[in-house]
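What follows is calculated from the coordinates using simple rules that are stated; it is not laboratory data. None of these values were measured; they are calculated from a predicted model. Here the Cβ is made from the backbone with ideal geometry for all residues, glycine too, and neighbour counts use every protein chain on show.
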């Protein structure tokens, strides 16, 4: 259960107010303040000026044109896997079985 002492509409309103505080000012740096990477995710504003389409698994997504700069700043050498003993995730992995089957599973059962 998530406990929050401030309502979500108030939280969104305040976050939007802070995020747009300097909308009319020239921007030199932009920060994602909802990131676990903290100061690693302060970028020059020109990073977000160009976008390209890129294939990711079975779909195409829009990413920043300077994605290499973005990924290197956050992850370092992102193309090299860390040693096995240094690999970790920030996510909790949970297997959830709802007892549902796919149509392929049903076809296999008929055979």
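Details
- Computed from Cα atoms, the angle from the helix 8-19 axis to the main principal axis of the chain rounds to 50 degrees.
- On the basis of the beta-carbon distance and an R0 of 25 Å, residue 32 and residue 52 show a calculated FRET efficiency of 0.80.
- Dividing the mean sequence gap of close Cα pairs (under 8 Å, 6+ apart) by how many residues the chain holds gives a relative contact order of 13 percent.
- Rounded FRET efficiency, nearest 0.05, which uses the C-beta distance separating residue 84 from residue 24 and R0 of 30 Å: 0.05
- Three-way shape label, the chain, alpha-carbon gyration tensor, a/c 1.5: prolate
- Residue 97-residue 60 pseudo-label distance in nm [points 7 Å out on the Cα-to-Cβ vector]: 4.0
- Chain lengthening between residue 73 and residue 14 when straightened (0.36 nm per residue, less Cα-Cα): 18.4 nm
- Overall form of region 55-101 per C-alpha gyration tensor (a/c, 1.5; a/b vs b/c): oblate
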